[in-house]
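Student: Below is a structure I'd like to ask you about.
Taken together, the values in this text are just the output of simple stated rules run on the coordinates, not laboratory data. As the structure is a computational prediction, the values presented were derived from the model and not from experiment. Note that we place each Cβ from the backbone using ideal geometry, even for glycine, and neighbour counts take in every protein chain shown.
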Amino acid sequence: MQKILSSATHAAEAVAWPTFDEVAAAAEAGGASSKGRKQRAESRKLEDSLAAFQNSPTVRDQALALYINAQIFAEVAAAFVDFLRRGMTPALADAITQPSASQAQIQNNLFELFANFALQNYGKEIALYREIVHTVDLTKPHLWYPTARAFGRRIVYHAGPTNSGKTFNALQAMSQAGTGVYCGPLRLLAMEVYDSLNAQGTLCNLLTGQEKREVPGARHTACTVEMANLNEEYDVAVIDEIQLLGDESRGWAWTRALQGLLAKEIHICGDGSALGLVRSMAKQMHEPVEVHNYNRFTPLEVQEGGLARGYQDVQPGDCIVAFSRRDIYDIKHTIEATTGQRVCVVYGALPPETRRQQARLFNEPGNEYTLLVASDAVGMGLNLNIRRVVFHTLHKTEGAQRRAVPVTQIKQIAGRAGRRSSEFKVGYATCLNQGDIPQLAAALETPLADLSTTAAGLFPEFGTLEAFAGQLLMDEFGAILGKFAEDARLEGTYFLCKQDSVMRAARLLSRVEGLSLQDRFLFCMAPANLRDPRVASALLHFATRYAAREAVTLDMHAPMAAPKSSDGLMEMELTHQVLSLWLWLSHRFQKNVFPEQATVQGLATKLIDLMDEGLQGLCAPRAFGSGSTLAMCSKCRKAGPPLEDLQTQNSPHKTWMCPTCRTAARAAHKHGPESILLEPDENAANYLQLWTLARRHGADLLSDKHEAAWWVPRDYAGEARAQRRTASVGAER
C-alpha cells in the first residue's frame, strides 16, 4: 500500500492535508456547518477539482494497482466524491483549492484518500477481482459469467444444411416467447430479422455496432452477435451460425454469447459441425442440450459440364461467385456486354442496405435483372431466388497466398441454390472451369459429420485486460495485448482469436497521448479496414481529436452524384466505411464528443441511395453479339474480350492474358522466379518515399491503385523493410 501511494508524498506543502481518518470523522459528523459547506460547495475550483479527479484517465489507470477496474471505478469514484462533500471541512477545502498546488499534486493527494476509502468500503469487490487476475487463466471461460451459470438455462441445437428451415424454427420459438433476442453474424441478417418480425406483428428493436432503432413497446431485439447484451434477461435467445465460434478472428463473440446470455432457452442454429464442441461446453456449464436435426428441402445437384463457352452460357437465375471485387466487376461487364442481360452484384464492402437492394432487384420477377455476381458474402444473410451457383474459381488469394476455398464454405455457398420458396425446385452447382468440378463434387459429398469445429475462440474482455495491465510495468496497449497472448493459459476446447487488426490499430494509435487504457481498447476494437490508408487516417484523426478533448467531427465532403464507374463506386464504399466507423465509435463514447449523430446517419443513408443509383447505371459500354467467343486468360482462366477483337488487333495467337497475370509474369521475367509480393506498411512515416524507392528498383504494381502491393526481388524486400523500421524509429524520435 505504501508503495502504491508513494507518489502522493510530493504534494504541495503550502497547506496541510487532513488525514483520511479526519475526513471520515467529519463525514460521519456532518462536516462543516451547513452554511459553510454550502458556501464552499459553490466554489468553482473546488467542484472542478473533484470533477477532474473523478473523470481523470490517469486516476482510472492508477486505480488498477488497487484492483479497481473500469467496471466499478465509476461507482467507487462517485461514492468517494460524495464522501468528500459530506466531510468537506474548511481545511480539506483549502487544501483542494490552494493556488500554489498543481492539478497533478491535488490529484495525488486525493488519490491517497481515495485508496483508503476504496479499501474500506469496497474491500470485498477488490479482493474478488484480485483473485481472478492473479493468473491469466482462459481454461474455464464459462466461469466469467456467474449469473448465467445460476440462470437454469437449456440449449436447443438446430442442426442442418443451408435451406433446411433450422433458423426459421428457432425464430418461431423466439417470436412466440414473451421476450427474446436474435444474435446474427451480420448487420444484414439482424436487419432482415428486425424487418420480418415487425412485419408479422412482433415488435422488435434493432441493435448493431453502427445503428440503434428502438420500437416503442418492443420486447424483442435483433442484434449482431458482438452487440449481445449479457445483462438483459430473455425468455428465448437465438444464436445464428453457431459453427462460427471456431472462426479464427470473430469466434470469441459466439463463445461469449453462448456462455453469457441470460435466457431460459438458448436456440442455436448451424450446420452441425459444432455439435460435439457445444456438447462439451454445455457439460462444463451443467446445461442440457436438445438436438433438432433438419434435412434440405430441395435437392442440390452438380452440373458436370461447367460453362463450355464461358459466361455466354449463363442463364436467368444464375449466381456467379467470385472472391475479389475486381473479378466481380469484370464478370458483370463481360456478361452484360456479351449477353445483354443485366446483372446485380453483392459483396462484403457494399453497405448492408445496398446488398439488400441488389437482392430485391434480383429476386423481383419480371424485371431485367436476371443474374447475380457475388462474393462469398452470398453464403449467409440474404434470401435469394437462385437456380444455379457457378463458382468462378475454387481458390482465394489472400495477400501473397493462394489457397483452396474451405469445404464448409463451398457447401454453404452452393446450398443457396434452389431455395424452397423460390420457383426453382432443384438447385444446381457448377464451375466456370470444368477442371474444378471434381473438387466441387467432393466438397458437396463430404458429410457434415466429417466437418467438426474443434475449438471455440476467446478474446479477453476489457476488464480482464485492464487488470492484467495493472500488474505489468508497461502501459502500451499493443505490448499489453501481446504479453497477454503470450501468458494466456488455454486448453484444447479454446483458442485465442487472432489479434492482427487490433494490433495494427494499437500501433497506429501508439503515439496518441491522452487516451486511457479503456479508450485505446475501444478504438482498437473498432471495425475498420486499416489496410486502406484513408480508413486508417480517419481512425487516427478520430482518436487524436478525442484525446485532445475536442469534438470528433468527420471533416469530409459528401458526394453529390451517383458514381459512374466501379472506381467511383469504390471511392464511395470507402467513404461509407469511414462513416460507419464514426457511427460505431459514437455509440460507445459520450454523445457530446461525437456530435450530430443523426446528421451523420442521414449522410450514410444518402450515400447508400447514391450507390444504389450508381450500381443500376453500371453496365458495359457496348454490347457484342451473343454468338461471340470470349478469350480466356491462359493463367487464371478469367473471361476476356471477344476473340474477334484480338484478331482485329493483328494478334497472331488466340491466347490472351489478363492484366494481373501479365504484370506478375512481367515481374517474374524481370526479377526472376524468386521475386516476391511485398505489401508496404501503411503506418510507415515515409510511405510515399518507399513507393518511389520501390519503383526505382523496378517494382511492378500488381494490384489496382487502391491496394498497395508490389512485386520486387527478394534482395530488395529486406532493404524496404529496413527502410520501414528506420522510418518508424525516426517518427518516434
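Student: Can you give me the distance in nm between label points at residue 120 and residue 86, each placed 7 Å from the Cα along the Cα-to-Cβ direction?
Tutor: It works out to 1.0 nm between the two label points.
Student: Right, here's the next one. If contacts are Cα pairs under 8 angstrom and at least 6 residues apart, what is the relative contact order of the range 141-293 in percent? List each step's numbers first, then the result.
Tutor: Working: 303 pairs, mean separation 54.6, N = 153.
36 percent.
Student: At 25 °C and 0.890 mPa s, grab the translational diffusion coefficient of the range 300-450 from Stokes-Einstein with a Kirkwood Rh over Cα pairs, rounded to a whole number in µm² per second. Present the calculation step by step, with values, prior to reporting the outcome.
Tutor: Values: Rh = 15.4 Å.
The Stokes-Einstein estimate is 159 µm²/s.
Student: Same structure, new question: Between residue 215 and residues 5 or more places away or on another chain, which pairs have amide H atoms under 5 Å apart, with H built 1.01 Å from N, and which residues are they?
Tutor: When sequence neighbours closer than 5 places are left aside, the close amide H contacts are 205, 206.
Student: Just flag the GluC sites (Glu not before Pro) in the range 271-342 sitting in loop per DSSP whose Cβ has no more than 14 other Cβ atoms within 10 Å. Could you put the intermediate results ahead of the total?
Tutor: Values: sites: 290, 301, 304, 336; in loops: 304.
When the GluC sites (Glu not before Pro) of the range 271-342 are filtered for loop state and at most 14 Cβ neighbours within 10 Å, 304 remain.
Student: Compare the peptides 419-426, 70-77 by average per-residue count of other Cβ atoms within 10 angstrom and give them in order, highest first.
Tutor: Working: 419-426: 13.8, 70-77: 17.2.
Top of the packing list down: 70-77, 419-426.
Student: Residue 75 versus residue 609, label points 7 Å from Cα toward the beta carbon: distance in nm?
Tutor: Those two pseudo-labels are separated by 4.6 nm.
Student: Highest mean first, what order results for 259-266, 282-289 on Cβ atoms within 10 Å?
Tutor: Ranked by mean Cβ neighbours within 10 Å, highest first: 259-266, 282-289.
Student: Looking at the range 564-598, which GluC sites (Glu not before Pro) are in a loop (DSSP not H, G, I, E or B) and have at most 14 other Cβ atoms within 10 Å? Working shown, then result.
Tutor: Working: sites: 571, 573, 596; in loops: 596.
For GluC sites (Glu not before Pro) across the range 564-598 that sit outside H, G, I, E and B with at most 14 neighbouring Cβ atoms in 10 Å, the list reads 596.
Student: Give the calculated FRET efficiency between residue 531 and residue 404 to the nearest 0.05, with a Förster radius of 35 Å applied to their Cβ-Cβ distance. Working shown, then result.
Tutor: Working: r = 23 Å, r/R0 = 0.66.
That gives a FRET efficiency of 0.90.
Student: Using per-residue counts of other Cβ atoms within 10 Å, averaged over each peptide, order 504-515, 358-369 from highest down. Intermediate results must be reported in sequence, preceding the final value.
Tutor: Details: 504-515: 17.1, 358-369: 15.1.
Top of the packing list down: 504-515, 358-369.
Student: Now a separate question. Assigning unit charges at the beta carbon (Lys, Arg +1; Asp, Glu -1) and nothing else, what dipole magnitude in debye, to the nearest 20, does the range 342-456 show about its Cα centre? Don't skip to the answer; put the middle values down first.
Tutor: Details: 14 positive and 9 negative charges, 34 e Å.
That gives a dipole near 160 debye.
Student: Mind listing the long-range amide H neighbours of residue 346? Cut-off is under 5 Å, sequence gap 5 or more, other chains count too, H placed in the peptide plane at 1.01 Å from N.
Tutor: Answer set, sorted by chain and number: 373, 374, 375.
Student: Quote the FRET efficiency, to the nearest 0.05, computed for residue 304 versus residue 555 with a Förster distance R0 of 60 Å and r equal to the Cβ-Cβ distance. Write down the numbers at each step before the final one.
Tutor: Details: r = 56 Å, r/R0 = 0.94.
According to the calculation, E is roughly 0.60.
Student: Next question, about the same structure. Once amide H atoms are built 1.01 Å from N in the peptide plane, which residues 5 or more positions from residue 318, or in another chain, come under 5 Å H to H?
Tutor: The answer is 372, 387, 388.
Student: Set the Förster radius R0 to 30 Å, insert the Cβ-Cβ distance between residue 291 and residue 195 as r into 1/(1 + (r/R0)^6), and round the FRET efficiency to 0.05.
Tutor: On the way: r = 30 Å, r/R0 = 0.99.
FRET efficiency, residue 291 to residue 195: 0.50.
Student: Something else about it: Could you work out the local net charge near residue 153, counting Lys and Arg as +1, Asp and Glu as -1, over the other residues with Cβ closer than 15 Å to its Cβ?
Tutor: With Lys, Arg at +1 and Asp, Glu at -1, the net is 0.
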